[in-house]
Amino acid sequence: MVVRSLALCALSLAGCFGPDAREGLRCSAFGRCPDGQHCYQVDGQPVCLAAPPGDAADPDNPIILFGVPVPVELMCDTGETPCRSPRDPALTDNRTQMAFTIDAVNAAGDRDVYLARRATAEDMWDTAAPAGAIDTTLVEEGSWMTGNGLALYFARDDQAVAGPPYDDLWVSERVDVTAGFDTAAPVAGAVNTSRGSERWAARTADGSALVFARALEGAPDDHDLYLARDRGGQWDTVAHLPQLSAADGDERSLAVVEEEKTLFFSRGEHIIEARWTGDDLATAEVIGVHDELLVAGATLVSGVWASADAKEIWFGACTDTCDVYRAIR
């Protein structure tokens with residue numbers, strides 16, 4: 001039945017996606033489905049269903065699976081061309097603005113933070129442009145934006161230290177969502193280290209906690225997750241999260257979903273889900289790995305963002321280049 005429905009849908013996409021569209025139709029090229037349905041993988045086919053397929057619950061992996069990761073089309077202001085290797089997506093709560101990283105066109109090896117806008121969460125993205133004067137000839141990457149769009153955390157290469165790339169976390173604020181991110185300062189407190197690499201930060205909504213990735217000197221490719229607490233306007237209390245940091249893993253990108261007490265983070269090409277109980281994010285424990293989000297050929301996830309209900313996830317998947325993907329559960 002699913003195969004036959006897919007064939008009928010290919011002949012009349014508009015009719016398939018009408019108000020009374022039945023389940024089991026093929027998802028659109030952009031992963032879209034009729035109202036109330038989402039895109040899921042069924043027998044190797046991306047189809048529209050109102051709920052995850054029956055095998056979405058695995059007793060050995062007690063998480064709700066996402067549907068098919070769908071690439072997001074992003075155009076940048078370099079002559080209306082596709083963005084160069086986009087990754088690190090971070091959206092506002094209303095999903096009308098997205099910050100992300102691209103390979104810059106001004107110099108080989110440089111990266112910049114770009115900003116895309118759209119009128120509603122259902123529209124295609126307008127052509128993206130630099131996030132503001134925070135983009136320099138240094139590497140700026142790993143952006144994360146607060147839900148209201150007024151603060152942006154990102155990593156910048158520390159040129160004062162010789163050796164491997166030693167990134168520090170910076171924060172930029174703007175007065176309203178129509179302005180650019182033009183000024184920035186290093187995150188205050190004990191987050192940044194002189195010979196370590198700090199990247200991919202996500203702050204709780206009340207501003208009391210900051211989760212980020214850090215690689216120590218001597219192991220620049222082995223990031224672990226850390227939790228910082230706000231103590232009087234700066235991040236003075238920093239704790240390693242060993243239960244989320246594998247000895248032979250590289251935990252990098254992350255998203256904090258407070259309402260669901262859920263944390264998503266990446267390890268290599270995998271996205272992992274963790275949850276905590278009570279009010280202490282430091283108690284978060286891994287509950288499963290989202291193998292259904294693996295992108296063919298990708299060896300690395302760079303950037304993870306999740307909606308407030310943890311039902312929508314965006315991430316960057318990289319081979320030689322990167323692309324941004326979106327999935328729903």
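Every number in this text was worked out from the coordinates using simple rules, so none of it is lab data. Computed from a predicted structure; not experimentally measured. Backbone-built Cβ (ideal geometry, glycine too); neighbour counts: all protein chains shown.
Compared with the alpha-carbon gap, the fully stretched path from D123 to D35 is longer by 30.2 nm at 0.36 nm per residue. Can you bin the stretch 283-329 into rounded, prolate or oblate? Criterion: square roots of the alpha carbon gyration tensor eigenvalues sorted a ≥ b ≥ c, rounded for a/c under 1.5, prolate for a/b above b/c, oblate for the rest. Taking the square roots of the gyration eigenvalues as a ≥ b ≥ c, the stretch 283-329 is prolate.
Given charges of +1 on the Cβ of Lys and Arg and -1 on the Cβ of Asp and Glu, with all other atoms neutral, how large is the dipole of the stretch 70-328 about its Cα centre, in debye to the nearest 20?
Values: 20 positive and 46 negative charges, 51 e Å.
Dipole magnitude for the stretch 70-328 comes out near 240 debye.
Which of rounded, prolate, oblate describes the stretch 70-328, given a ≥ b ≥ c as roots of the alpha-carbon gyration tensor eigenvalues and a/c under 1.5 marking rounded, otherwise prolate only if a/b is larger than b/c? If you can, show how the numbers build up before the last one.
Working: a/c = 1.28, a/b = 1.16, b/c = 1.11.
It comes out rounded by the Cα gyration axes.
What the phi angles of the stretch 323-329 give under the Karplus curve with 6.51, -1.76 and 1.60, with θ = phi - 60°, is a coupling list of 9, 8, 10, 9, 9, 10, 9 Hz, glycine and proline written as x. For A274, neighbours were defined as the other residues whose beta-carbon sits under 12 Å from its Cβ, and their charges (Lys and Arg +1, Asp and Glu -1) total -1. Length gained on full extension, V289 to T178, computed as 0.36 nm times the residue gap minus the Cα-Cα distance: 36.2 nm. For the stretch 137-142, putting each phi into the Karplus relation 6.51 cos²θ - 1.76 cosθ + 1.60 with θ = phi - 60° gives couplings of 6, 7, 7, 10, 7, x Hz, in residue order, rounded to whole numbers and with x for Gly and Pro.
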